[in-house]
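What follows draws every value from the coordinates through simple rules; no lab data is involved. For clarity, every value in this text was computed on a predicted model and none was experimentally measured. Cβ: placed from backbone, ideal geometry, glycine included. Neighbour counts: every protein chain shown.
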Amino acid sequence: MALIELEITKFVPPGKGMAIHNQKAVFISGTAIGDIVSAYIVKEKKDHIIANLHKVIKPSPDRAAITCPYFLECGTCDLMQLKYENQIQYKQQFLKEAVQTNGFSISIKWVRSLNLRNFRYRCQLKCINGKVGYNHRNSNSFVAIDHCLILSEKLNAQLKQLSKLAYQKAEFLMLHGLYSDQISVYVKQNRDTFLLPGTSPEVIENYGFGNIKLNAAQFAQSSPEITKSISEAIVKHCQDSDQVCEIYCGSGTFTIAIAKQVNQIWGYELNPSAISLAKENCQLNDLNNVHLFAINADAIKIKSNIDTIIVDPPRAGLSANVRMKIKKSKAKRLIYVSCNPSTMLRDIKELVNNDRFSLKELTAYDMYCQSSHLETLAILDTE
């Protein structure tokens, strides 16, 4: 592989430094603007080059000291090479440009991560030939680890125990309840998913609106502190709501918080197991104004009396069918939670261009610090 020397002049999604070599853009992970580096060319196209970092010859002032031994291989923390202020600046610039590209002009509120280490309470790990780890940064290959700086200390302790199980091939779904300090671990092996003996089927969490059950086999947010902040914001924007429709309600994290101040809430989720857990959470909180259904989002019917719609879709965003249902609804407010600002803005642009809603508020939550990912919350009103 050819070795070249470069100066990083730009930072581009998803968390890659960019330089110019022979009039072509070169993209290199693990770099910062201002770095002078040597790198190996691994793939060359007509208009760009992909390279792997070999050595930082002269570090940028933006560069942070890296204490993770797996950084250049592991694909989880693609911004760890940047000081936290520079991580935020990069994300702010990325989101600002995405907002402007979609034709919006709005001030973006920011909620920063409370911790830069041990903040992640949920993760999914692979196990191959008895070793536990993540996917490689630049491929589908495997990176074995024995400790992760961003996982909670209790998950790290569990990680060491998992290595002793010596599974040939499996996945581990891990969840640490901050409120209860319980650990839930499910094992996916072949087509089976089962609870790891010695761990809890569910953990009890509390985001300020009552206890809820979560388990590692169902989706849960990775940062309890940021989830609490998002829950508080959603509740605030539902203060004047009476009839609420929540699409992609999962196990009821937001449902429980909202239900305590509205008349009725209808929740829809494709996963029957998540809906079962959401129903348990309603019972746990003595709620009888919640109506839950295991159904594909494309098949739901939004009731004519709904005044507020809440969506929290997967990274792909809303389907064209769901967007159409929202446009045809009589709702006066849409609350959009997203882990992918690009698809969220695509969906919002269609709803706004249809003169159905206007974008009133946008908040970015740095739930995934050390990485280029963001959680966002958008408020759309008809007035």
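A few remarks follow.
- Span from the the range 152-229 Cα centroid across to the the range 359-383 one, whole angstrom: 26
- 222 nm mean residue ellipticity, helices alone, for the chain (DSSP H n ≥ 4; -39,500 (n - 2.57); rounded to 500): -7000 deg cm²/dmol
- Candidates per trypsin sites (Lys or Arg not before Pro) in the range 12-98, loop by DSSP, up to 12 other Cβ within 10 Å: LYS45, LYS46
- Among [x] 54; [y] 61; [z] 50, the entry derived from the coordinates for percent of Cα pairs over 27 Å apart: [x]
- Length-normalised contact order of the chain in % [C-alpha pairs under 8 Å, at least 6 apart]: 12
- Likely footprinting exposure, SER304, SER273, SER152, SER371, fewest C-beta neighbours within 10 Å first: SER304, SER273, SER371, SER152
- Given LYS43/LYS349; LYS228/LYS303; LYS10/LYS43; LYS96/LYS325; LYS109/LYS349; LYS236/LYS332, the pairs whose alpha carbons are separated by over 25 Å: LYS43/LYS349; LYS228/LYS303; LYS96/LYS325
- Neighbour net charge for ASN156 - beta-carbon separation under 15 angstrom, K R +1, D E -1: +3
- Across the range 236-356, C-alpha contacts under 8 Å between residues 6 or more apart give a mean separation that, scaled by the residue count, equals a relative contact order of 25 percent.
- Candidates ALA331, ALA364, ALA320: whichever shows maximal mean-square fluctuation once the chain is modelled as a Gaussian network with Cα springs under 10 Å: ALA320
- Length gained when the stretch ASN353-HIS136 is fully extended (0.36 nm per residue, less Cα-Cα span): 74.1 nm
- Alpha-carbon centroids, the range 64-140 and the range 15-45: separation in whole Å: 19
- Computed magnitude of the charge dipole of the range 122-214 (debye, nearest 20; Cβ of K, R +1, Cβ of D, E -1): 360
- Residue (of VAL37, TYR186, GLN370) at the positive-pole extreme of the chain, dipole from beta-carbon charges: VAL37
- Residue-count net charge about SER139 - beta-carbon cut-off 13 Å; Lys, Arg +1, Asp, Glu -1: +1
- Loop chymotrypsin sites (Phe, Trp or Tyr not before Pro), the range 1-77, which have at most 14 other Cβ atoms in a 10 Å radius of their Cβ (DSSP): none
- By the beta-carbon count within 10 Å of each Cβ, the least crowded to most crowded order of PHE194, PHE119, PHE293, fewest first, is PHE194, PHE293, PHE119.
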